[in-house]
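The structure appears below as structure tokens.
The values are calculated or read from the model by the stated rules, or taken from the named source; none is laboratory data. What you are looking at is a predicted structure, and each value in this text was computed from that prediction instead of being measured. Note that we place each Cβ from the backbone using ideal geometry, even for glycine, and neighbour counts take in every protein chain shown. Just so you know, the surface numbers come from the protein's heavy atoms only, side chains and all, with ligands and any DNA or RNA stripped out. Shrake-Rupley method; radii C 1.70, N 1.55, O 1.52, S 1.80 Å.
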Amino acid sequence: MRVLVRTIAVLLLHCVLLTRAGAQTTPAIRSASAPSGGIRGRIIDAGTRRPIGGVNVEMISADALTPAASALTGADGSFRIRGIPPGHYGARIRAIGYRPLEVTAIALMAAAADFDLRTVELTAAAVELPPIQVSAPEQAVQLAPDRNSYIVQDMPTTAGGTALDVLRNVPTVDVDIDNIVSLRGDPSVVVQINGRPSPLKSAQLGNFLAQLPADLVVKVEVVTNPSARESPEGVAGIINIVLKRKADPGATGAVSAGGSTRGHVDAGGNVGLQHGPLSFFGSYGFLRDNRPRSESLFRENLFLEPITFLDEQGNRSQIQTGHTLTGTLGYQPGEHDRFSLENLFTTRGETEVRSILYRDLDAAQALTGRSDRVTRETNRQLDLETTLGYEHSFAAEGHTLAAELRVVREQEDGPQAVVARDLALAGTQADTTALESATNLDHSAETSLEVGYVRPLAARLQLESGYKGTFQRYHTALHTEVFDTAQGRYLPDPTRINDFIYDQTIHAVYGLLDAQPGKFLLQGGARLERAESQFHLATLGARYDNGYTSLFPSGLVAYNVDEFHQVKLSYSTRIRRPDDTDVLDPTPHYSDPLNLSVGNPRLKPEYIYALELGLQRKAGRSTIQLTPFYRHTRDAVRSLRTIDTLGVTTRTFANVATSDAYGTDATIALNGGRLSGFASGSAFRQVSSAPDLGPGFSVKSFGWSVRTNLSFRISHTLDWQGLLSYQAPMAVEQGRNGSRTRFSFALRQKLEGQRLSITLRVIDPFDISTESSTTIDPQFTQVSSRRRSIRALQLNFNWMFGQPPKPGRGPNDLLGPDAG
């Protein structure tokens, strides 16, 4: 009873505040489902009950400041808006002489009948009223036909963490111990920030996400089979990380701070200002993290007789400090135009100390030699991204033109010092055998221009078209010197000196047609790209040029059985370009002399043909989604290892003939109520055929994983969340990967009317953050294990100031239901 009384009081207070502001609000009572849907209704005078003509009805997207579409009512007060993409919206209804009205919680989820507002009443007003904020309660998990979205404000287990911690909470997404992101078990995935692909690759991307504060992330969107509108990069699909970048009317903000028992420290804040046509949102985040790790490797060398063994034991200390700044400036001079300027700046410094002990063993595994190697490295990384955008809405509903100019600059470098010693078989006596010094330099630059045009051709037919030009340059340099005892100075090592530049230019045009006959949604399109790349290796005087034209068709057929059931079938063609310097650079790279990595500059692009079936059912607070898929890859790139007479293994890359993967994802999402969250599972079979590469490279394997992320509201102000994931062991080319298990939980207490929240995280309480793999080859076998020490207690505080929280918001969501 007390809870009911408290709830009624909050609702009454909310109504009083809105009445004082001169605005009316009415909640939507149901949701329609349509990948491109519509809304209709009728506007009347609340006093006379007569229809009102000329009323302006605007659909406001939850992730945009400008209207998504608009219409005027006719003489009978009726209106109808069509061609609206799926998502969460509000409606703003305005007429001269009447109080503005906002409608909240409109969810267009799949193709069906128009969302019907039925009869809406406007109340006469004699004064001009201030602008109204459109807001709607947010769902923790949103399963839509084209993408699944996961809201971060409902993830207390990420409080004070990084963007990588957020991704570890998302179904079908995985992050390994080296911060490499994968989707459905494939690391070839495009990671976007606010809908824009990141030019960073593999390790550099992982380092960037490892310093991006989780408190800046609004949600994560997973798109496994994108249309021709999206970039075709990535085998597995797209992961879009949406950051906070919008402001409420007036002034709002928040500050946060936290720390853990393992030396983790984070602090930050954000502020939003909106006045008239101008809006600004800015944030700052500081992060210091310490996650030591241990590594082991046991190798059996079968290359020579008699066989020998190598036992490696290593420890690594990594302490990083990062700063992140974001800023978004918006200007909307009228109803039809909007300008925006967005900036993202991050800087990171990392000190790393790595020590390895080598033990050489004979055929009887008796000790024959000992040595060690200590590497000290300082790494500096700087990233800057600036985006200038413009959007124009024509008079006809749904008719828009948008343009965006984006500039990205990234730099990573740092010195490295190595001391190697021969050790006595017993005791601590040691002789220095090698001193090395190295400097790494990685620069990347990208400039892109994108123009998109949307035009309705008929009531249920829409054309989308666009162009994107991308200009990229990657510059990598390595300079290594070895101390010469005879001359008493460092001398260059020509085998480990390189300087190369990779330039890539891509021009792309695309077109899409959307049609909605009855309960069907039909979408077909194609993307045509011309790519030119130049790879110049200055140290060898070598140059590799490659140019190719590619066509990427896509299609979607969706059928709405009824309001609660949908079936869809989609197809897309994708590509994975060999533009990562780690896989192209033929200069040997190694962390120690017994484990080398050499790139292959002659790699060809992979082409992927993906077919996906989607089944979705909504029942009450739960949504069930089943997604069977099939993916065929031509010229798939895989890594392979060899060993020489000195016991040195070399990792390189090659185009495997073909690769096929098929399986299914299943997700059950529960929203609202005391218990919410999701449970998901994925199972797939992968077949790689590479008979020309030798035994071990043609493999048939089966993999599966499960994950659950559940929240329980203990009371009105206290909630609990737990994350548990398990990935089963799986056979891969030349070996097998071991299983992985992750577990953590958190408690969050909300105070001061949800302005203040205190979160206690228990990270990896059983200390099980371990990864292992086995390599099997006719010449050698190898078992390796890596363990990162992340077990800790972490406490975080978050305090909001400015306007009071709106209903349906959490303490980390200052910007409305979909602040991206």
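In the range 62-101, the qualifying residues are those that are assigned to a strand (DSSP E or B), hydroxyl-bearing (S, T, Y) and modelled with pLDDT of 70 or more, and the one that is surrounded by the most Cβ atoms within 10 Å (Cβ to Cβ) is Y89. Outside any loop (DSSP other than H, G, I, E, B), touching a residue at least 24 places away in the same chain (Cβ under 8 Å), open to solvent by less than 30 Å² (accessible area, probe 1.4 Å) and not aliphatic (A, V, I, L, M): does that describe G369? Against the criterion (outside any loop (DSSP other than H, G, I, E, B), touching a residue at least 24 places away in the same chain (Cβ under 8 Å), open to solvent by less than 30 Å² (accessible area, probe 1.4 Å) and not aliphatic (A, V, I, L, M)), G369 qualifies. Given the structure, is T627 open to solvent by 30 Å² or more (accessible area, probe 1.4 Å), within 25 Å of V687 (Cα to Cα), under 22 Å from the mean Cα position of the chain (by Cα) and touching a residue at least 24 places away in the same chain (Cβ under 8 Å)? Against the criterion (open to solvent by 30 Å² or more (accessible area, probe 1.4 Å), within 25 Å of V687 (Cα to Cα), under 22 Å from the mean Cα position of the chain (by Cα) and touching a residue at least 24 places away in the same chain (Cβ under 8 Å)), T627 does not qualify. Within the range 250-269, not a single residue is within 19 Å of L341 (Cα to Cα), in contact with a helix residue (DSSP H, G or I) (Cβ under 8 Å, 6 or more places away or on another chain) and surrounded by 18 or more Cβ atoms within 10 Å (Cβ to Cβ). Being under 30 Å from P85 (Cβ atoms) and part of a strand (DSSP E or B) holds for only one residue in L478, L491, L463, and it is L463.
Selection of the range 565-587 for residues being crowded, with 19+ Cβ neighbours inside 10 Å and farther than 19 Å from V637 by Cα yields Q566, K568, S570, S572.
If we scan the range 198-212, do we find a residue that is over 19 Å from S444 (Cβ atoms), open to solvent by 10 Å² or more (accessible area, probe 1.4 Å) and modelled with pLDDT under 85? Steps first, answer last, please.
The initial filter retains those residues of the range 198-212 that are over 19 Å from S444 (Cβ atoms), namely none.
No, because not a single residue in the range 198-212 is over 19 Å from S444 (Cβ atoms), open to solvent by 10 Å² or more (accessible area, probe 1.4 Å) and modelled with pLDDT under 85.
For P277, the conditions (1) open to solvent by 30 Å² or more (accessible area, probe 1.4 Å); (2) touching a Ser or Thr at 6+ places or on another chain (Cβ under 9 Å) all hold with the exception of (2). Within the option set T781, T770, T759, being closer than 30 Å to G647 by Cβ, touching a Lys or Arg at 6+ places or on another chain (Cβ under 6 Å) and surrounded by 14 or more Cβ atoms within 10 Å (Cβ to Cβ) holds for one residue only, T770.
Looking at the structure I just gave you, is G518 surrounded by fewer than 16 Cβ atoms within 10 Å (Cβ to Cβ), over 29 Å from the mean Cα position of the chain (by Cα) and in a strand (DSSP E or B)? First the steps, then the outcome.
Working: surrounded by fewer than 16 Cβ atoms within 10 Å (Cβ to Cβ): yes; over 29 Å from the mean Cα position of the chain (by Cα): yes; in a strand (DSSP E or B): no.
Judged against the criteria, G518 is not a match.
Screening G237 with (1) modelled with pLDDT under 85; (2) touching a Lys or Arg at 6+ places or on another chain (Cβ under 9 Å); (3) open to solvent by less than 10 Å² (accessible area, probe 1.4 Å) gives one miss only, at (1). Of all residues in the range 415-434, none are at pLDDT 90 or above and in contact with a Gly (Cβ under 9 Å, 6 or more places away or on another chain). Applying the set (1) crowded, with 16+ Cβ neighbours inside 10 Å; (2) at pLDDT 90 or above to R291 leaves exactly one unmet item: (2).
Keeping to the range 320-333, report how many residues are more than 24 Å from T375 (Cα to Cα), open to solvent by less than 40 Å² (accessible area, probe 1.4 Å) and touching a Lys or Arg at 6+ places or on another chain (Cβ under 8 Å).
Initial filter on the range 320-333 (more than 24 Å from T375 (Cα to Cα)): 323-333.
Then drop every residue that is not open to solvent by less than 40 Å² (accessible area, probe 1.4 Å), which leaves 324, 326-328, 330.
If we keep only those that are touching a Lys or Arg at 6+ places or on another chain (Cβ under 8 Å) too, we end up with 326, 328, 330.
Number of matching residues: 3.
Hey, does the range 102-122 have a residue that's basic (K, R), at pLDDT 75 or above and assigned to a loop (DSSP other than H, G, I, E, B)? No: zero hits. Tell me, which residue of the range 630-642 that is surrounded by fewer than 21 Cβ atoms within 10 Å (Cβ to Cβ) and either of a type in the set (A, V, I, L, M, F, W, C) or more than 30 Å from I307 (Cβ to Cβ) (or both) is modelled with the highest pLDDT? Result: Y630.
Please go through the range 479-492 and pick out each residue that is under 27 Å from Q534 (Cβ atoms), open to solvent by 20 Å² or more (accessible area, probe 1.4 Å) and touching a residue at least 24 places away in the same chain (Cβ under 8 Å). Listed by number, the list holds a single entry, H479.
Tell me which residues, restricted to the range 604-639, are under 22 Å from N546 (Cβ atoms) and either touching a Phe, Trp or Tyr at 6+ places or on another chain (Cβ under 6 Å) or in a strand (DSSP E or B) (or both). Correct list: E606, Y607, I608, Y609, T633, R634, D635, A636, V637, R638, S639.
Kindly indicate which of V127, V170 is part of a loop (DSSP other than H, G, I, E, B) and at pLDDT 85 or above. Even if it seems obvious, please write down each step before you answer.
On the way: V127 fails: at pLDDT 85 or above.
Testing whether each residue is part of a loop (DSSP other than H, G, I, E, B) and at pLDDT 85 or above leaves just V170.
A count restricted to the range 554-603 and to residues that are within 19 Å of L626 (Cβ to Cβ) and part of a loop (DSSP other than H, G, I, E, B) stands at 2. For the range 493-532, the set of residues classified as in contact (Cβ under 8 Å) with a residue 24 or more places away in the chain and small (G, A, S) consists of A508, G511, A515, G524, G525, A526, A531, listed by residue number.
Tell me the strands (runs of 3 or more DSSP E) entirely within the range 643-740 that contain at least 1 residues that are open to solvent by less than 30 Å² (accessible area, probe 1.4 Å) and at pLDDT below 90.
By residue number, 649-670, 675-689, 699-713, 730-732, 735-737.
Among the residues of the range 380-411, the ones that are part of a strand (DSSP E or B) and open to solvent by less than 20 Å² (accessible area, probe 1.4 Å) come to 7 in all. Pairs linking a residue in the range 573-595 that is over 25 Å from V353 (Cβ atoms) to a residue that is at pLDDT below 75 and of a type in the set (G, A, S), with Cβ atoms under 9 Å and 6 or more positions apart or on different chains, are D580/S202; V583/S202.
Any residue in the range 334-350 that is more than 29 Å from Y474 (Cα to Cα), part of a strand (DSSP E or B), open to solvent by less than 20 Å² (accessible area, probe 1.4 Å) and not basic (K, R)? First the steps, then the outcome.
Let us first name the residues in the range 334-350 that are more than 29 Å from Y474 (Cα to Cα), namely 334-339.
Add one more test, that the residue is part of a strand (DSSP E or B), and what stays is 337-339.
In the following step, the residues that additionally are open to solvent by less than 20 Å² (accessible area, probe 1.4 Å) were identified as none.
The answer is no, given that none of the residues of the range 334-350 is more than 29 Å from Y474 (Cα to Cα), part of a strand (DSSP E or B), open to solvent by less than 20 Å² (accessible area, probe 1.4 Å) and not basic (K, R).
Please go through the range 296-317 and give me each residue that is open to solvent by 30 Å² or more (accessible area, probe 1.4 Å) and in a strand (DSSP E or B), ordered by number. First the steps, then the outcome.
Narrowing the range 296-317 to residues open to solvent by 30 Å² or more (accessible area, probe 1.4 Å): 296, 298, 300, 302-308, 313, 315-317.
Matches in the range 296-317: S296, F298, E300, T308, Q313, N315, R316, S317.
None of A424, A417, A438, A445 is of a type in the set (A, V, I, L, M), under 30 Å from L329 (Cβ atoms) and either in contact (Cβ under 8 Å) with a residue 40 or more places away in the chain or open to solvent by less than 50 Å² (accessible area, probe 1.4 Å) (or both) except A445.
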